[in-house]
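The values are calculated or read from the model by the stated rules, or taken from the named source; none is laboratory data. Small disclaimer: the values here were computed from a predicted structure and weren't measured. FYI the Cβ positions are ideal-geometry reconstructions off the backbone, even for glycines, and counts take in every protein chain you see.
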Amino acid sequence: MSKITISLIKADVGGWPGHATVHPALKEVAESVLVQEKAKGGIIDFKVMAVGDDLQLMMTHLLGEDNAEIHGLAWDVMCKATEKAEELKLYGAGQDLLSDAFCGNIKGMGPGVAEMEFHERGAEPVVAFMMDKTEPGAFNLPIFRIFADPFNTAGLVIDPSIHQGFIFEVWDIMEHKRVMMESPKEMYDMLALIGAKSRYVIKRVYPKPGKLPEDEPAAVVSTEKLYQTAGKYVGKDDPVALVRAQSGLPALGEVLEPFSLGHLVSGWMRGSHNGPLMPCAFEDAVCTRFDGPPRIIAAGFQIAKGMLIGPVDLFRDPAFDLTRSRVNEITEYMRRHGPFEPHRLPMEDMEYTTLPTVLKTLGERFEDAE
Ligand code: F6R
Ligand code: MG
Ligand code: MG
């Protein structure tokens, strides 16, 4: 069988109300366009989902990554959803569509993209992770733990088919460069980079020689705004990721396990605060407290000749209740810090600032200190 491609493309084309969630009418618009495209045979299957204020289009097809027809289709859906958002006067209608016209590839035009092309295995479990109110570096910790941490992934120690570890593709988004690193051999060097999550981000993970082809990714993370604008700050980019599981890869439960921490991520309130990441059910992905706290949902599928058998709402499991209540406690604790770091981000990472104006106003009142 030929390779299939999964394309997960997302954009904020209008919030309801504020930046809280996606209005159902936008999802209906997306469904109606994609139903027609599926009937025409342009795509094999699709699912329309949402997390916070981000509309998510998951599509399967045979056209490979970076395909102009698929990216054009997603652009068309986002434009039609924007028209609906304008009609309903939703908040920030079309805010992630940075260009007036589509020019062949949706990357750099505002929407986020995670795509992977691979030979579908006899049974192919895939998880689509979707985050709101944060940035691509928020995936560094969990992706590292899934594919490199033996305290998370038991298989790294006891499953001969993954015992050799994985290859990580790490991007330096300032210099717009990438490096392939091998785990476990270069694990400490890799952590030295990816711990600095606003600069070094994990883009892909590949298997080593074994059960799966080495050139077909096991995981991919969206990094689009960063991709196009290396070195220039353009705001946070609520990220998505695709992760394949089982049989030569981490098990589904090993893929979900790192999210039980509720780790700290950047991008909450005005893209300028740190806060804990809450794994939640689809219906709970509504960001209201202080425009957050940051959320992640996980949609689980089996892929059957490109058909998306799912989604299963994976974080709906009550086994994540303890994480959620811990996240709520940490939320309470961090909010008490108000405008102080490390709740508020350091100056260079903030999306909003009044500092230049304040400094200008104070001007000559600054005098030499002792
Ligand atoms: C948006 C976000 C929100 C907004 C905030 C202010 O994803 O993180 O916290 O930054 O609601 O939005 P504006 O400036 O549009 O009033
Ligand atoms: Mg928004
Ligand atoms: Mg968003």
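When each of 307, 347 is tested for being exposed (fewer than 11 other Cβ atoms within 10 Å of the Cβ), more than 21 Å from residue 54 (Cα to Cα) and among the hydrophobic types (A, V, I, L, M, F, W, C), the lone residue that passes is 347. Of the numbered criteria (1) closer than 22 Å to residue 217 by Cβ; (2) in contact with a His (Cβ under 9 Å, 6 or more places away or on another chain); (3) not aliphatic (A, V, I, L, M), the one residue 42 fails is (1).
Any chance the range 247-256 includes a residue that's outside any strand (DSSP E or B), aliphatic (A, V, I, L, M), away from ligand 3 (no atom under 16 Å from the Cβ) and modelled with pLDDT under 95? Among the residues of the range 247-256, not one is outside any strand (DSSP E or B), aliphatic (A, V, I, L, M), away from ligand 3 (no atom under 16 Å from the Cβ) and modelled with pLDDT under 95, which makes the answer no. Within the range 270-283, residues that are of a type in the set (Lys, Arg) have Cβ atoms under 8 Å from residues that are outside any strand (DSSP E or B) in these pairs: 270/291; 270/350; 270/351; 270/352, counting only partners at least 6 apart in sequence or on another chain. Listed here are the strands (runs of 3 or more DSSP E) enclosed by the range 123-190 that have at least 1 residues being in contact (Cβ under 8 Å) with a residue 24 or more places away in the chain and closer than 22 Å to residue 278 by Cα: 124-132.
Every listed requirement among (1) touching a residue at least 12 places away in the same chain (Cβ under 8 Å); (2) within 14 Å of ligand 1 (Cβ to nearest atom); (3) over 22 Å from the mean Cα position of the chain (by Cα) is met by residue 354 save one, (1). The condition of being of a type in the set (A, V, I, L, M, F, W, C), within 16 Å of ligand 2 (Cβ to nearest atom) and either touching a Pro at 6+ places or on another chain (Cβ under 6 Å) or more than 23 Å from residue 300 (Cβ to Cβ) (or both) does not hold for residue 51. Given the structure, is residue 323 surrounded by 17 or more Cβ atoms within 10 Å (Cβ to Cβ), in contact (Cβ under 8 Å) with a residue 60 or more places away in the chain and among the hydroxyl-bearing types (Ser, Thr, Tyr)? Yes, satisfied.
Each residue in the range 265-304 was checked for being in a strand (DSSP E or B), of a type in the set (Val, Ile, Thr) and surrounded by fewer than 24 Cβ atoms within 10 Å (Cβ to Cβ), and 1 pass. Name the pairs: first residue in the range 299-316 and in contact (Cβ under 8 Å) with a residue 60 or more places away in the chain and within 20 Å of residue 119 (Cβ to Cβ), second residue buried (at least 18 other Cβ atoms within 10 Å of the Cβ) and of a type in the set (S, T, N, Q), Cβ to Cβ under 9 Å, at least 6 apart or on different chains? As it stands, the answer is 303/60; 306/5; 306/60; 307/60; 308/60, since those pairs meet every condition given.
For the range 49-90, what are the residues that are farther than 24 Å from residue 215 by Cα, away from ligand 1 (no atom under 16 Å from the Cβ) and in a strand (DSSP E or B)? Once the filter is applied, which keeps residues that are farther than 24 Å from residue 215 by Cα, away from ligand 1 (no atom under 16 Å from the Cβ) and in a strand (DSSP E or B), the range 49-90 yields 49, 57. I need the full set of residues from the range 1-34 which are part of a helix (DSSP H, G or I), buried (at least 20 other Cβ atoms within 10 Å of the Cβ) and either in contact with a strand residue (DSSP E or B) (Cβ under 7 Å, 6 or more places away or on another chain) or of a type in the set (Gly, Ala, Ser) (or both), in order please. Listed by number, the residues that qualify are 26, 30, 34.
Residues being modelled with pLDDT of 95 or more, within 16 Å of ligand 2 (Cβ to nearest atom) and not hydrophobic (A, V, I, L, M, F, W, C) are represented in the range 273-281 by at least one member. Tell me, which residue of the range 91-106 that is part of a loop (DSSP other than H, G, I, E, B) and touching a His at 6+ places or on another chain (Cβ under 8 Å) is nearest to residue 25 (Cα to Cα)? This residue is 92. The lone criterion from (1) away from ligand 3 (no atom under 13 Å from the Cβ); (2) touching a residue at least 24 places away in the same chain (Cβ under 8 Å) left unmet by residue 237 is number (1).
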